[in-house]
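Here's the structure, in structure tokens; my notes come after.
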Amino acid sequence: MASVAFEDIAENFAFLDDWEDRYRYVIDLGRAMAPLDSALKVAATKVDGCASQVWLVPRFDGTGRRAGFTFQGDSDAMIVRGLIAVLVALYDGLETGEVLQVDAARELARLGLDQHLSAQRSNGLRAMITRLRGLAEINMNEPST
């Protein structure tokens, strides 16, 4: 149940022959993202459990299960910024209830990320996913608007 943007990334990964090319592609995805406004890089948006500094800022179009979900993010590490771009592609534009239905581990495994990231990066990626799912769950449980 990944978004179209994530499916595009998965297709591009299939064309890349080795992990170094895929790694560069992920970094390029991060470079293409708009930077997060420094005013949003605060304790409330910082993700704990990441070796690098990571900030995630959700945006909901309404509340409840059908609310639209988008987010911005940033990191001080280029590969992590790229991983944020992959997560944006995975979740962006889904409804809040759909965010909770995405099996992120399975989707990311399609890219081979589960086999090629260091333990610290993998833990940080899981922390980002947990944070996004938690934010979506809070919003989903709000009365619909």
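The values are calculated or read from the model by the stated rules, or taken from the named source; none is laboratory data. Model, not experiment: these values are computed from the prediction. Here the Cβ positions follow ideal geometry from the backbone for every residue, glycine too, while neighbour counts run over all protein chains shown.
Ile9 - would you say it is without any contact (Cβ under 8 Å) to a residue 60 or more places away in the chain, surrounded by 13 or more Cβ atoms within 10 Å (Cβ to Cβ), among the β-branched types (Val, Ile, Thr) and out of contact with any strand residue (DSSP E or B) (no Cβ under 6 Å at 6 or more places or on another chain)?
On the way: without any contact (Cβ under 8 Å) to a residue 60 or more places away in the chain: no; surrounded by 13 or more Cβ atoms within 10 Å (Cβ to Cβ): yes; among the β-branched types (Val, Ile, Thr): yes; out of contact with any strand residue (DSSP E or B) (no Cβ under 6 Å at 6 or more places or on another chain): yes.
So Ile9 does not fit the description; no.
Name the residues in region 1-46 that are of a type in the set (D, E, K, R) and either at pLDDT 95 or above or in a helix (DSSP H, G or I) (or both), would you? So that I can check it myself, show each step before the final result.
Step one: of region 1-46, the residues of a type in the set (D, E, K, R) are 7-8, 11, 17-18, 20-22, 24, 28, 31, 37, 41, 46.
Listed by number, the residues that qualify are Glu7, Asp8, Glu11, Glu20, Asp21, Arg22, Arg24, Asp28, Arg31, Asp37, Lys41, Lys46.
Check region 51-67 and report whether any residue there is in a helix (DSSP H, G or I), surrounded by fewer than 20 Cβ atoms within 10 Å (Cβ to Cβ), at pLDDT 95 or above and within 16 Å of the chain's Cα centre (by Cα).
No, because not a single residue in region 51-67 is in a helix (DSSP H, G or I), surrounded by fewer than 20 Cβ atoms within 10 Å (Cβ to Cβ), at pLDDT 95 or above and within 16 Å of the chain's Cα centre (by Cα).
Please tell me if Asp114 is more than 13 Å from the chain's Cα centre (by Cα), surrounded by fewer than 16 Cβ atoms within 10 Å (Cβ to Cβ), under 24 Å from Arg31 (Cβ atoms) and at pLDDT 90 or above. Steps first, answer last, please.
On the way: more than 13 Å from the chain's Cα centre (by Cα): yes; surrounded by fewer than 16 Cβ atoms within 10 Å (Cβ to Cβ): yes; under 24 Å from Arg31 (Cβ atoms): yes; at pLDDT 90 or above: no.
No: the conditions fail for Asp114.
Conditions: (1) out of contact with any Lys or Arg (no Cβ under 8 Å at 6 or more places or on another chain); (2) among the small types (Gly, Ala, Ser); (3) within 22 Å of Glu7 (Cα to Cα). Gly97 meets all but one. Number of the miss?
Looking at each condition in turn, Gly97 falls short on (1).
Identify, from the list Val80, Val86, the residue that is in contact with a strand residue (DSSP E or B) (Cβ under 7 Å, 6 or more places away or on another chain), modelled with pLDDT of 95 or more and either farther than 27 Å from Pro143 by Cβ or of a type in the set (Asp, Glu) (or both).
Details: Val86 fails: in contact with a strand residue (DSSP E or B) (Cβ under 7 Å, 6 or more places away or on another chain).
Step by step, each of Val80, Val86 is checked, and only Val80 is in contact with a strand residue (DSSP E or B) (Cβ under 7 Å, 6 or more places away or on another chain), modelled with pLDDT of 95 or more and either farther than 27 Å from Pro143 by Cβ or of a type in the set (Asp, Glu) (or both).
In the set Asp37, Asp8, Asp21, Asp17, which member is out of contact with any Gly (no Cβ under 8 Å at 6 or more places or on another chain) and more than 22 Å from Arg106 (Cα to Cα)?
Numbers: Asp8 fails: more than 22 Å from Arg106 (Cα to Cα); Asp21 fails: more than 22 Å from Arg106 (Cα to Cα); Asp17 fails: more than 22 Å from Arg106 (Cα to Cα).
Only one candidate qualifies: Asp37.
Looking at (1) crowded, with 20+ Cβ neighbours inside 10 Å; (2) out of contact with any strand residue (DSSP E or B) (no Cβ under 6 Å at 6 or more places or on another chain); (3) among the basic types (Lys, Arg), can you tell me which one Arg121 breaks?
Only one criterion is unmet by Arg121, namely (1).
So for region 26-44 (the condition being within 15 Å of Leu132 (Cβ to Cβ) and either surrounded by fewer than 18 Cβ atoms within 10 Å (Cβ to Cβ) or touching a residue at least 60 places away in the same chain (Cβ under 8 Å) (or both)), does at least one residue qualify?
yes
Looking only at helices (runs of 4 or more DSSP H) that lie completely in region 72-145, which have at least 2 residues being out of contact with any helix residue (DSSP H, G or I) (no Cβ under 9 Å at 6 or more places or on another chain)? If you could, list the steps in order and put the result at the bottom.
Values: elements: 78-91, 96-101, 104-109, 113-116, 119-140.
Once the helices (runs of 4 or more DSSP H) in region 72-145 are filtered for at least 2 residues that are out of contact with any helix residue (DSSP H, G or I) (no Cβ under 9 Å at 6 or more places or on another chain), what remains is 119-140.
Quick one: which of Leu94, Leu87 is within 12 Å of the chain's Cα centre (by Cα) and under 16 Å from Gly134 (Cβ atoms)? Steps first, please.
Numbers: Leu94 fails: within 12 Å of the chain's Cα centre (by Cα).
Going through Leu94, Leu87 in turn, just one is within 12 Å of the chain's Cα centre (by Cα) and under 16 Å from Gly134 (Cβ atoms): Leu87.
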